[in-house]
Amino acid sequence: MSDFNHKHEKVLAGLVFLQDAASRSSQLTNGMVNILTSFDERLARLEKTILPVYNETKNLQQKQENIDKTLASLDHVISYYSVSKEVEPVIKESPSNQGLEIFLQSLGRLQEAMHFFEKNNPQSVELENVMSLFETGKDNIISEFKENLAKHSQTIPAIAVLEALANDEEEININHFSADVKDNLMQIADWLVTHNEDDFMNVYARFRANTVQKTLLGLRDHLRSSSTGAMGYQGVSPVAPMSGTSTLMAKSGLKASYDTPSRKTSKKIQQMLERKANQMLLRASQTLESSTGLALGSRRSAADIIKEDVVEEHEIESFLTEFTALLRLLQSELRLMLGIVPLPHQKAVLSIILRDALEMICHDAESLSGRARRSVSRQEFGPVLLLFPALRHLVCFKGDCDKLLEGCDSSVRTRFYAMVNNLHTTCGKALEDFAESVRSESAAPLPRDGTVYEMTSNVVLFLGQLTDLSDTVGPLLAQDQSYSNALVHTQPWPKPQRNKALLGLYIKKVLVQLNLTLVTKSDAYNDSSLRYIFRLNNSHYLLSALKRSGLLDLLKVVEPECESIYREMINEQKRLYSQSWNKVLAPIWNSEDVPASVLLSGRLREKDKALIKEKFSTLNKEFEELSREQRGYSVPDVELRESLKRDNKEYILPKYQAFFDKYSNAQFSKHSEKYIKYSPAQISSVIDTFFDVAA
């Protein structure tokens with residue numbers, strides 16, 4: 001009971017404490033509310049006092065800002081009225097005198113004033129003044145552009161061009177413009193483009209076109225005055241693409257699709273062909289006069305006639321040097337115009353720069369092609385041989401040209417490709433004309449001694465010049481369906497091998513025509529022995545020359561058995577030639593003979609003696625006649641000549657030895673030496689004199 005009372009007292013004491021705390025809290029709350037109410041009333045009274053002052057201050061500030069803006073606008077407007085006077089000294093001077101930056105800034109101020117007056121006071125005198133001064137400034141800036149171009153667009157010396165080509169440089173990097181000049185031109189061009197003044201691009205194109213053309217003309221004059229008449233600098237020869245073409249292609253981002261073989265000098269062969277053509281033409285004119293009795297008047301020499309249409313090697317080299325130089329100059333021009341000519345207009349500008357120089361190159365190409373065609377029409381094929389390396393050079397650089405001409409004016413592209421096609425057509429037609437000339441050749445007379453026919457050596461010389469040009473000749477021949485069809489029926493050909501196969505087909509065609517012509521021409525010989533000597537000389541010469549020149553390897557691509565065919569022809573012609581001894585051997589082979597028993601007994605009848613005398617007399621007569629004829633035959637090849645002598649001895653001497661042994665000791669005449677003129681050794685010695693006019 002006492003515990004309960006104790007707890008009860010504690011609870012009551014806590015309750016009293018809580019009631020007392022609640023009373024104090026209520027008093028504090030009421031005090032705080034009173035304070036806040038008083039503060040709020042004071043703030044309200046302060047706001048009523050300050051707010052009007054604040055609003056008035058804000059209005060004053062707004063007015064001040066408006067006044068400042070009005071004053072600034074007035075100053076700005078007033079400045080437009082003074083622009084003309086302020087910038088006139090700058091605008092009327094050359095930009096280079098005042099500095100381009102200051103000049104362009106002055107033009108900018110004039111343009112702003114012009115826009116202001118056009119918008120706000122279009123009828124004012126100030127607008128007329130500003131516009132007039134702006135036009136003056138524009139004219140001056142254009143003049144500055146022209147003067148910079150004229151001053152710094154200088155012709156590149158020929159030596160510098162040749163050095164660049166010799167070093168296989170992708171571009172002819174001559175510093176036409178210094179960094180300051182280039183920067184000025186770029187700023188002026190940018191200002192003109194911004195103000196829709198595009199005519200400066202035509203101005204730029206004309207100046208640069210003139211520079212490129214003068215550079216090429218200077219290069220041409222240098223090449224023509226050079227003692228070599230060709231590139232003549234550090235051994236560079238452009239007949240085939242320069243040895244560093246692959247490097248050059250790599251620099252330009254292009255892959256070369258061809259192998260660049262070294263050029264073989266063809267000048268000696270060209271001269272040989274031209275001398276032969278001169279002789280043929282001279283003989284033809286002399287024959288015409290002697291047969292008709294008509295004089296040809298003041299006839300020029302054959303050399304004079306051909307000289308008009310001759311194509312010299314140095315001309316081809318000069319042409320290719322100029323072409324390559326033009327290509328590199330134009331690549332340099334593209335780089336030079338960066339920042340000056342806007343990108344969308346660069347190829348149009350390049351078309352103008354290129355046109356006159358390209359026309360000069362095309363004119364040269366047409367001249368070379370025309371002269372070559374006229375030479376071909378006279379059956380003189382030396383000049384056209386020089387066009388093949390030229391065509392090859394152009395085709396090899398076709399990738400560079402395509403890239404350069406892409407986007408250019410269509411007339412420029414058409415002109416360039418017409419030039420290439422013209423050379424292409426000329427060379428292609430020359431190949432077929434040459435084959436036809438071999439088939440229908442009738443000008444050169446047959447050699448009296450049966451030596452190698454002039455046409456045979458000409459054919460080998462002509463074909464020999466094509467051995468390294470299969471990549472050029474192949475595509476020409478591929479245009480003739482007959483060549484392509486001939487390959488279709490054999491085997492698939494990769495491109496390089498296909499070109500060799502096409503050239504092999506052409507060589508085969510020409511040689512077939514040549515063999516037919518030789519056989520036909522040789523029928524004109526009355527002497528059958530000389531006929532076969534002639535065929536033998538030509539067949540042997542052809543086989544040797546084909547092997548020596550590499551033509552046989554090309555021929556084997558399409559005719560693997562060609563060498564054995566020629567050897568069979570040679571053996572057959574040797575066999576036919578050996579029949580020339582039949583008349584000599586006839587007395588030996590005669591079935592009418594003196595019996596051996598009669599010869600052994602030594603009792604020859606008059607009939608037997610007469611027979612032996614006739615045999616020796618006939619043999620001597622035929623042998624001497626044959627010897628006289630065959631000493632006049634010519635077999636220029638030593639190996640063939642000795643082979644024929646050896647074959648003759650092997651064919652004749654055993655038969656004659658048996659005949660000599662049988663009858664030489666017979667008592668058929670008191671003057672047997674009159675009939676037995678030749679011992680076997682003497683026969684052998686006489687045979688050694690065959691094919692030798694001096695013997």
Leading residue at positive end of dipole, region 507-566 (Cβ point charges), from Val510, Val557, Ser539: Val510
For region 569-651, accessible area per residue (1.4 Å probe, heavy atoms of protein chains only), Å²: 55
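At a 10 angstrom cut-off on C-beta neighbours, averaged per residue, how do the peptides 532-539, 603-610 rank from highest to lowest? Write out the running numbers ahead of the final one.
Details: 532-539: 25.4, 603-610: 12.4.
Averaged packing, sorted descending, gives the order 532-539, 603-610.
Roll a 1.4 angstrom probe over the protein heavy atoms and tell me the percent of accessible area of region 536-622 that is carbon or sulfur.
Working: 2290 of 4590 Å².
Answer for region 536-622: carbon and sulfur cover 50 percent of the accessible area.
Give the ranking of Trp191, Trp589 by solvent-accessible surface, highest area first, calculated with a 1.4 Å probe.
Details: Trp191 25, Trp589 130 Å².
Ranked from most to least accessible, the order is Trp589, Trp191.
How big is D, in µm² s⁻¹, for region 386-469 by Stokes-Einstein at 20 °C and 1.002 mPa s if Rh is the Kirkwood radius over C-alpha pairs? Before the final figure, lay out the partial values.
Numbers: Rh = 15.7 Å.
The diffusion coefficient I find is 137 µm²/s.
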Nearest-10 value in Å² for the accessible area of Tyr54, using the 1.4 Å probe: 140
Too-long pairs where the Cα-Cα distance tops 26 Å, listed order kept, from Lys521/Lys621; Lys609/Lys677; Lys521/Lys649; Lys146/Lys347; Lys495/Lys556: Lys521/Lys621; Lys521/Lys649
Surrounding net charge for Ser580, when Lys and Arg each add one and Asp and Glu each subtract one, Cβ distance under 9 Å: -1
Region 456-533, relative contact order in percent, only Cα pairs under 8 angstrom and at least six apart counted: 29
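Hey, can you find the accessible area per residue of region 356-409 for me, probe 1.4 Å, expressed in square angstrom?
Numbers: 1750 Å² over 54 residues.
Heavy-atom SASA per residue in region 356-409 reads 32 Å².
The values are calculated or read from the model by the stated rules, or taken from the named source; none is laboratory data. Keep in mind the model is a prediction, meaning the values are calculated, not measured. With ideal geometry, Cβ positions are generated from the backbone for all residues, glycine too; neighbour counts draw on all protein chains shown. Ligands, DNA and RNA are stripped out before the accessible areas are found, and what is left, the full protein with its side chains, is counted by its heavy atoms. Shrake-Rupley method; radii C 1.70, N 1.55, O 1.52, S 1.80 Å.
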